[in-house]
Amino acid sequence: LLLTKGFSHPLAAFMVSIGITNVVSTFLDHLLSHLGFHQHIVGIVGALFQAMIMIGSLIIGSIVDRNKRYYRTTMFCFYLSFLWLFACSEKTLRGASFCASILALGFFVGPIQPITAELAVEVTFPADENAIVAVQMVFGNLFSAVLLPICNAARHLHLKEYGMRMDYVLLLALCGSGGFFFSTFDAPLLRLKSELAGADNDVQGSRSPLKKSGAAASSFDDEL
């Protein structure tokens with residue numbers, strides 16, 4: 001499965017997405033507390049962040065289900081995730097602006113997971129879908145388990161020249177490199193091709209009886 005052409009790209013994108021969402025969710029309390037937010041506000045923002053991940057996944061995922069533009073949509077989400085993640089790292093951003101950037105980040109980085117899960121199914125067809133999702137979840141959770149302590153150590157370091165914390169730099173580098181690697185994706189959508197081929201066969205099959213009935217009618221006219 002791991003050696004299947006095109007599978008590594010959605011797998012890497014899935015890992016990057018779940019890694020970013022887990023890091024932001026874990027350290028959101030620390031980030032907002034340092035900005036002077038009360039604990040109940042921190043809880044509300046954390047819940048809204050998770051809600052935006054689900055809302056974005058539902059909206060953008062439903063669009064992709066119709067148009068099958070997995071590559072373009074994933075790249076679009078990577079671009080905007082990088083933009084909003086950079087906005088979150090801006091040291092002058094405070095209060096409502098920071099919260100808005102965090103929620104926008106959740107809206108665009110979250111959908112990468114279901115979209116790339118479907119893309120992985122497309123390129124590995126007819127492999128078992130449950131096995132594919134299980135592989136992605138295992139790799140994603142293992143990656144998050146490694147990334148969290150690294151970001152925890154990095155958040156105490158600062159780039160004074162740019163006024164940025166190292167954990168933001170790490171997440172920006174992760175998002176950028178993940179988007180760059182995914183941009184090299186070039187594999188056929190085998191499941192979609194199979195569905196289109198099946199639809200063409202159904203159409204041709206439905207036309208055959210019509211041709212036969214037309215020929216029979218012509219023969220009947222000749223007899224008359």
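Observations
- Other residues within the sphere of radius under 11 Å centred on the Cβ of Ala120, judged by their own Cβ, net out at -2 (K and R +1, D and E -1).
- Carbon-plus-sulfur accessible fraction, the stretch 1-141 (probe radius 1.4 Å, protein heavy atoms only): 67%.
- Put a dot 7 Å past the Cα of Thr26, heading toward its Cβ, do the same for Ala100, and the two dots end up 3.0 nm apart.
- Taking 7 Å steps out from each Cα toward its Cβ at Val138 and Leu3 produces label points 1.7 nm apart.
- Between Ile150 and Lys193, the C-beta separation translates, for a Förster distance of 25 Å, into a calculated FRET efficiency of about 0.05.
- Evaluated at q = 0.27, 0.28, 0.30 Å⁻¹, the base-10 log of the normalised Debye intensity for the stretch 1-51, with identical point scatterers placed on the Cα atoms, takes the values -0.97, -1.00, -1.07.
- When the Cα atoms of the stretch 26-89 are aligned to their principal axes, the ranges along those axes come out at 43, 21, 14 Å in descending order.
- Efficiency of FRET from Cβ geometry, Arg69 and Phe180, R₀ 22 Å, rounded to 0.05: 0.70
- Placing dummy labels 7 Å off each Cα toward the beta-carbon, the span from Ile44 to Ser62 is 2.7 nm.
- For Arg165, the residues whose modelled amide H falls within less than 5 Å of its own, excluding neighbours fewer than 5 places apart on the same chain, are Leu159.
- Cα convex hull of the stretch 1-149, projected area averaged across orientations, nm²: 9.0
The values are calculated or read from the model by the stated rules, or taken from the named source; none is laboratory data. If you're wondering where the values come from, they're calculated on a predicted model, not measured in any experiment. All Cβ positions, glycine included, derive from the backbone under ideal geometry; neighbour counts span all protein chains shown. Note: areas computed on protein heavy atoms with side chains; ligands, DNA, RNA excluded. Shrake-Rupley method; radii C 1.70, N 1.55, O 1.52, S 1.80 Å.
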